[in-house]
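The values are calculated or read from the model by the stated rules, or taken from the named source; none is laboratory data. A quick note: this is a predicted structure, and the numbers were derived from the prediction, not measured. In this analysis, Cβ positions are derived from the backbone assuming ideal geometry, glycine residues included, and neighbour counts consider all displayed protein chains.
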There are 2 protein chains.
Amino acid sequence: MPPGLKDVAARAGVSIKTVSNVVNGYVHVAPATRARVQAAIDALGYVPNMAARQLRSGRSGVIALAVPELQSPYFAEMAGLIVQAAERRSWTVLIDQTDGHAERERNLVAGLRRHAIDGLIFSPLALAGDDLPKRTETPIVLLGERVWHGPADHVAIDSTAAAAEATRHLIGLGRRRIAAIGVQEDPSAVTAHQRLAGYRLALAEAALPPIEAPAASFHRADGAAAMARLLDGDSRPDAVFCFNDLLALGAIRTLLSRGCRVPGDVAVIGFDDIEDGRFSTPTLSTIAPDAPRIAQLAVDLLGERLGDGSAAAGPPRELRVDHRLVIRESTAGQG
Amino acid sequence: MPPGLKDVAARAGVSIKTVSNVVNGYVHVAPATRARVQAAIDALGYVPNMAARQLRSGRSGVIALAVPELQSPYFAEMAGLIVQAAERRSWTVLIDQTDGHAERERNLVAGLRRHAIDGLIFSPLALAGDDLPKRTETPIVLLGERVWHGPADHVAIDSTAAAAEATRHLIGLGRRRIAAIGVQEDPSAVTAHQRLAGYRLALAEAALPPIEAPAASFHRADGAAAMARLLDGDSRPDAVFCFNDLLALGAIRTLLSRGCRVPGDVAVIGFDDIEDGRFSTPTLSTIAPDAPRIAQLAVDLLGERLGDGSAAAGPPRELRVDHRLVIRESTAGQG
DNA sequence: TTGTACGCGTTATCAA
DNA sequence: TTGATAACGCGTACAA
């Protein structure tokens with residue numbers, strides 16, 4: 001049985017309140033008393049019991065991060081950044097994997113673990129903004145491209161604008177048959193819809209026809225399969241905008257294995273700027289969201305909602321984060 | 001304020017004990033009573049308070065997983081698998097990132113969060129077996145290649161044998177100048193040492209000279225840099241065994257950008273079988289550990305230690321998991 | 001089968 | 001500046 005406040009108090013010859021004061025850095029403690037208590041703490045190896053602390057305070061010091069899947073480099077990298085940001089506030093991050101199931105996502109926000117976490121950073125895949133409860137017990141911060149004006153705080157890049165930028169880059173290269181990989185029918189697949197909108201916008205500006213290829217999900221295998229279908233079809237593209245980097249890497253794989261040169265025959269650009277794209281062959285042009293800033297803002301937003309008082313209440317806020325076009329070999333190389 | 005046992009009891013017109021019995025699936029409850037209580041639970045949206053439950057029982061239902069970094073695909077994939085395995089026992093997984101700092105790793109096992117977690121699955125990078133405390137409050141399962149006969153349960157593949165297999169594969173291809181990338185001086189870098197040992201073993205069998213290239217860490221950039229040094233050096237290799245897939249992908253990047261053909265001029269094999277390697281160009285030969293089984297065993301081992309009684313005590317156990325050689329284009333392709 | 005009462009380790013209120 | 005004591009919500013002897 002680990003030592004408690006009581007044991008420390010007994011050893012130091014004071015009351016538990018005094019020990020509590022020392023532990024919590026309360027100011028009005030006589031130096032001599034403090035030293036004596038500290039000695040007892042060290043001797044016993046006392047560690048505060050979080051469960052008891054939470055039972056009293058209602059705060060656990062734990063926030064949850066819910067992502068569709070950790071296996072995707074983008075989410076893994078984002079998770080790492082959020083853990084780092086949370087650490088600066090000495091928060092612990094509980095990572096939840098939804099696998100993109102609407103059911104699981106709904107349970108999550110409905111608060112199956114309501115008491116255990118102080119806040120939730122949520123990167124929804126299946127859930128649209130309307131599905132979210134209007135007011136939740138624990139504050140929620142939404143990540144990624146969602147319907148604006150949702151019920152919760154939200155930080156994201158302008159996905160549509162970024163997609164248009166990527167497409168314009170391909171147009172600027174002189175390409176004229178520009179395909180998009182990653183189109184999804186499902187109306188709740190907002191990410192796909194926003195990127196598609198940007199793609200269409202840029203093509204419309206240049207009076208170019210769209211070539212739209214669906215993808216079941218956003219993995220390499222989907223990109224590889226979609227590219228294969230495009231190559232087997234009537235309108236072989238001379239450039240492809242993929243809705244994320246994994247799709248792009250899969251597409252490139254198909255192109256190279258069929259003897260197409262990248263970017264010589266087909267230029268390819270992705271979205272996310274995952275580490276893989278910096279070391280693939282060819283290296284991958286992409287849209288790079290300011291991921292560290294997204295992570296920092298998400299944690300800060302939660303911090304404000306949790307900070308009792310001032311900005312705790314108030315209407316949901318929409319924060320835009322910068323992105324930039326990163327040009328590498330897959331669009332501008334010699335291949 | 002969320003409803004508690006008391007509120008449910010009041011609404012159902014019973015005592016809190018009865019409600020508690022219903023919540024915990026206690027058998028001897030009159031069907032009528034049970035129905036009435038359940039109705040009250042649903043109406044109020046009652047959710048048990050985990051903090052209070054833990055304070056009573058000493059169990060939190062949370063296990064921690066400590067990995068060097070989530071950004072590495074291998075650890076991200078492993079984390080996902082462990083979360084899935086833990087879910088089957090309705091455990092929650094708290095993921096901790098150590099960044100490979102010995103300090104952080106030590107704190108972790110020393111139990112900074114001692115009260116908050118029931119068990120720890122730990123993939124150490126900096127900590128050697130001797131650094132681990134002999135007996136810990138919370139059970140620990142070690143992952144990855146560690147010193148055998150450590151103080152805790154341990155599940156891993158036979159890293160040395162696997163490394164020898166990979167190297168023999170290169171030898172079987174007729175290669176004679178076979179380099180290793182990923183060598184580390186630090187005596188605590190056990191993974192690197194075990195793989196190096198396997199590499200040396202296989203080379204010795206064939207009476208071939210070792211060509212050993214160091215790497216600061218196991219990322220793509222390290223692999224790219226190490227390969228560059230090898231190509232600039234005196235003994236240009238015709239094959240490379242990289243201690244993980246990321247190093248291999250980095251090395252391939254350097255080779256291709258310098259006009260070397262893979263595997264034509266230099267064959268490359270990695271270790272881990274991360275998803276990237278299945279879609280890179282060329283696709284990557286590698287050693288594939290049975291990752292799902294590692295995850296399952298780690299969780300099961302913890303389950304046994306936690307299962308009050310029987311196998312709870314007992315000496316540490318060492319579990320070996322299978323691996324297999326996966327041959328792809330980077331060693332057997334046409335390039 | 002169900003109810004009462006206590007304690008888990010904290011924090012917070014109020015006195016001293 | 002410090003001490004006694006009441007919650008926080010739950011599980012569980014023990015009693016009914």
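For segment A:4-22, filtered to residues that are more than 14 Å from chain B (Cβ to nearest Cβ) and small (Gly, Ala, Ser), the residue that is farthest from DNA strand C (Cβ to nearest atom) is A:Gly13.
For the residues B:Pro31, B:Pro3, the requirement of being more than 30 Å from A:Phe75 (Cβ to Cβ), in contact with a Gly (Cβ under 8 Å, 6 or more places away or on another chain) and surrounded by fewer than 18 Cβ atoms within 10 Å (Cβ to Cβ) singles out B:Pro3. The set of residues in segment A:23-60 that are hydroxyl-bearing (Ser, Thr, Tyr), farther than 19 Å from B:Gly58 by Cβ and either in the same structural domain as A:Ala116 (by TED's automatic domain parsing) or within 10 Å of DNA strand C (Cβ to nearest atom) (or both) comprises A:Tyr26, A:Ser57. When you scan segment A:67-82, do you find a residue that is buried (at least 17 other Cβ atoms within 10 Å of the Cβ) and within 12 Å of DNA strand D (Cβ to nearest atom), even just one? No, there is no match, as no residue in segment A:67-82 is buried (at least 17 other Cβ atoms within 10 Å of the Cβ) and within 12 Å of DNA strand D (Cβ to nearest atom).
Any chance segment A:67-79 includes a residue that's away from DNA strand C (no atom under 16 Å from the Cβ), more than 14 Å from every other protein chain (Cβ to nearest Cβ) and out of contact with any Pro (no Cβ under 8 Å at 6 or more places or on another chain)? Scanning segment A:67-79 turns up no residue that is away from DNA strand C (no atom under 16 Å from the Cβ), more than 14 Å from every other protein chain (Cβ to nearest Cβ) and out of contact with any Pro (no Cβ under 8 Å at 6 or more places or on another chain).
Of all residues in segment A:46-60 being more than 9 Å from DNA strand D (Cβ to nearest atom) and more than 9 Å from chain B (Cβ to nearest Cβ), which is surrounded by the fewest Cβ atoms within 10 Å (Cβ to Cβ)? Checked segment A:46-60; the qualifying residue surrounded by the fewest Cβ atoms within 10 Å (Cβ to Cβ) is A:Arg59.
Scanning segment A:191-223 for residues that are surrounded by fewer than 21 Cβ atoms within 10 Å (Cβ to Cβ) and within 14 Å of another protein chain (Cβ to nearest Cβ) yields A:Ser217, A:His219, A:Ala221. In segment A:23-41, the residues that are more than 14 Å from chain B (Cβ to nearest Cβ) reach residues that are within 12 Å of DNA strand D (Cβ to nearest atom) and hydroxyl-bearing (Ser, Thr, Tyr) with C-beta atoms within less than 8 angstrom, at least six apart or across chains, in these pairs: A:Tyr26/A:Ser20; A:Val29/A:Thr18; A:Thr33/A:Thr18; A:Val37/A:Thr18. Quick check on B:Ser15: is it of a type in the set (Gly, Ala, Ser), at negative phi and more than 10 Å from DNA strand D (Cβ to nearest atom)? Against the criterion (of a type in the set (Gly, Ala, Ser), at negative phi and more than 10 Å from DNA strand D (Cβ to nearest atom)), B:Ser15 does not qualify.
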